[in-house]
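The values are calculated or read from the model by the stated rules, or taken from the named source; none is laboratory data. Quantities reported herein were computed from a predicted structural model and do not represent experimental measurements. Every residue, glycine as well, gets a Cβ built from its backbone with ideal geometry; the counts of neighbours run over all protein chains shown. Heavy atoms of the whole protein, side chains included, go into the accessibility calculation; ligands, DNA and RNA do not. Shrake-Rupley method; radii C 1.70, N 1.55, O 1.52, S 1.80 Å.
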Amino acid sequence: MPTLTTVDITGITNTSVMSGGTILGSGELQMIIERGVCYSELPSPNINNSVAKSGAGDGSFVTEITGLTKDKKYYVRAYATTTSGTGYGNEVEFTAFGLESFAFAGKKTYIFPTNSGAGIWGSR
């Protein structure tokens, strides 16, 4: 089976996120015929759950997961498939959220959520 790691989540918004993986080995020199990330609202997602495909082949990859629901927690794992089966990376969890904004003194101002549930704000 392929061995891989899941990369850190980036670009979290209300409805999308960037994720991916690094394939460390394909197991017995087999070709990677499909790779991507699988995700779910439940732990241990697999390719029978939702997937965001990212082509084929070895190496690192990044792909966008779309259609998420704001304020929901998701679990994601990178995957790679050969003719012998599918291998998975480590599980990463995140909550879909975005930057809320409003006009203040003629400037667009953003509220950045924090882990405590409070927000901090500042202009950009």
Those residues of region 1-46 which are surrounded by 16 or more Cβ atoms within 10 Å (Cβ to Cβ) and among the charged types (D, E, K, R), in sequence order: GLU34, ARG35
Any hit, region 47-61, residues being open to solvent by 50 Å² or more (accessible area, probe 1.4 Å), without any contact (Cβ under 8 Å) to a residue 12 or more places away in the chain and under 15 Å from the mean Cα position of the chain (by Cα): yes
Cβ pairs under 9 Å, 6+ apart, first in region 80-92 and more than 20 Å from VAL7 (Cβ to Cβ), second of a type in the set (Val, Ile, Thr) and crowded, with 18+ Cβ neighbours inside 10 Å: THR82/ILE32
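Can you name the strands (runs of 3 or more DSSP E) wholly within region 7-124 that have at least 2 residues being at pLDDT below 85?
Working: elements: 16-25, 34-40, 50-53, 59-66, 73-82, 85-88, 92-95, 100-104, 107-113, 119-123.
Output list reads 100-104, 107-113, 119-123.
Taking only region 62-86 into account, find how many residues are surrounded by 13 or more Cβ atoms within 10 Å (Cβ to Cβ) and in contact with an Asp or Glu (Cβ under 9 Å, 6 or more places away or on another chain).
Adding up the residues that qualify gives 9.
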